[in-house]
Each structure stands twice: as C-alpha cells, then as structure tokens.
Ligand code: SAH
C-alpha cells in the first residue's frame, strides 16, 4: 500500500524541519516539491530517491493545481512512499487541503505533516513577536496575492482597523496597493510595517518602515518575502537576535 505524506518543509533554516518530516524524507521513494526555502533538504533523501519539481513562485503556479493533484496521484500508484514537500506548513496557503481531498477521492492513503509556517517563524527571526502583551492580542495571516482594489475582494479590509498584527504572505508585488489600502481604511500613515525576505536563512533581509515609506525602502527586496503590519514591529529594537548572534 502506498502512502503520500503532505509535508511541511519549514521556512528555510534546515533545523526547523520537524523530526517527522525528516523521517519521511529519508524514507521517500519520490519527493515532489515546490520552490523550497531550502533545497538542501533534498540531500537528506536516500540513494535512488526520485525528485520531481512542480514549482510555484509567489502564488503564480507554473503548473495548474489540478495537474499537480493528478501528478501526486499517479506517483502514488507507482511508488510506496511519496513525500509531497511544501515550504512552511502545507495548510497555510500551501493548497495542501486540495491535494489531500484529491487523494481521498481517489482512495489513496495520506498523512499531513505540519511544518513551521513562515508566517510566524520569519517574523520571529526578525525579532518581531506576532503577539505581545499590551500591544497585539491576535494576529491574522492574509494572502497578499489578491489586489486590494479588486471589486469582490474576499479580504475583510475593514476589519484591519485594530492593532492586531497582520502578516501578508505572497504580497511583495502588491506592497504599494496593500499599504495604500491600509491607509485608506484609517491606519495612520506612520503605522509600523516590516518586509522580511528569505527569513531564517543566511540571506535574511529585514526592512523596517511605515505604511508611507515601506515601498521605497523595500524596493530592492527579493522574494520570498512577507509583510508584517503592526506595532509589534517596533519590538525589533529590543528583540533583534538573529543578526546579532556571536
Ligand atoms: N505554506 C507556506 C506559505 C506558502 S505562500 C508557509 O506556511 O510558510 C508563499 C509565501 O510565504 C511567500 O510569498 C512569502 O510571503 C512567504 N514565505 C515563505 N518562506 C519565506 C521566507 N523564508 N521568508 C519570507 N517569506 C517567506
């Protein structure tokens, strides 16, 4: 009987892989992967393991999702241990739910191996806690892929008036639209904002600004990058640790 593991690869730092993910990666007959934050993970595979890239970049899919679903299914008919490896967590904007449902419909055994999501760990490596007593009592993880000016936006922009932390994934190319929209709904123009690129890796870059100047400050930033909006951003002054390690 074959089994598909929908597996989170974590945000980039190879040591943020779970032990369970590590085990199935070493057992895999085939690893079907996206553009990963850390391709070194593939070096952990056993000799003879096959690799298949079905990459997605910033939410723009090189392969349509139904084709990816079908590829996973076809490989489940061929191999015993199939690892479907995804950046971060498979259920946080990872479309793992669709892949699991497809496998279920086709009678294939599968397991979900959660991963450390970039949404929380990347801010953490930048010294930004997503909640903090007296500053933010909750956080939201929002897709930044959808233009805020889209007519039937599914994003509840009006709810973003509070001081809860907002983390936008896949939003770098919409940074201008997102910051403008947040000012439009009533956030102060000097409201704190951060852009973090390649978080948890040696190439991590952190840009701190406000809703007004962040676009200009982050103009050289590369993907993958996420955006943190909220007063917790200012805690980096005290909590910056990653760049300060000895
Ligand atoms: N399932 C993933 C998210 C997939 S969406 C997770 O749980 O992390 C892809 C988006 O995640 C990117 O556009 C970027 O916004 C964010 N991202 C992933 N890895 C990142 C990293 N190392 N640094 C900054 N952002 C990252």
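All of the numbers you see were taken from the coordinates with simple rules; none came from a lab. Computed from a predicted model, the values in this text were never measured in an experiment. No Cβ is skipped: glycine too gets one built from the backbone with ideal geometry, and neighbour counts run over all protein chains shown.
Assorted remarks:
- Within the stretch 104-206, percent of DSSP bridges classed antiparallel, to nearest 5: 40 percent
- Share, in percent, of DSSP beta bridges within the stretch 3-113 that are antiparallel, nearest 5: 15 percent
- Simple label model, 7 Å out from Cα along Cβ direction - residue 104 to residue 150, nm: 2.4 nm
- Paramagnetic reach from residue 77 (point 7 Å along Cα→Cβ, amide N under 18 Å) across the stretch 28-42: 30
- For the chain, calculated [θ]222 nm from helices alone, where every DSSP H run of n ≥ 4 adds -39500 (n - 2.57): -6500 deg cm²/dmol
- One equal scatterer on each Cα of the stretch 118-239, no solvent, Debye formula: the resulting log10 I(q)/I(0) at q = 0.21 Å⁻¹ is -1.22.
- Counting DSSP beta bridges with both ends in the chain, the antiparallel % (nearest 5): 45 percent
- Each residue, residue 26 and residue 53, gets one label point 7 Å from its Cα in the Cβ direction; the gap between the two is 2.7 nm.
- Residue exposure sequence - 138, 118, 197 - by fewest surrounding Cβ within 10 Å: 138, 197, 118
- The calculated FRET efficiency for residue 202 paired with residue 18, based on their beta-carbon distance and R0 = 22 Å, is about 0.55.
- Rounded to 10°, Cα long-axis angle of helix 65-78 versus longest principal axis of the chain: 30 degrees
- Relative contact order %, the stretch 3-113, counting alpha carbon pairs below 8 Å whose residues are six or more apart: 43 percent
- Label point at residue 212 placed 7 Å out along Cα→Cβ; residues across the stretch 184-200 whose backbone nitrogen lies under 16 Å: 184-193
- Volume of the Cα convex hull of the chain, divided per residue and given in Å³: 135 Å³
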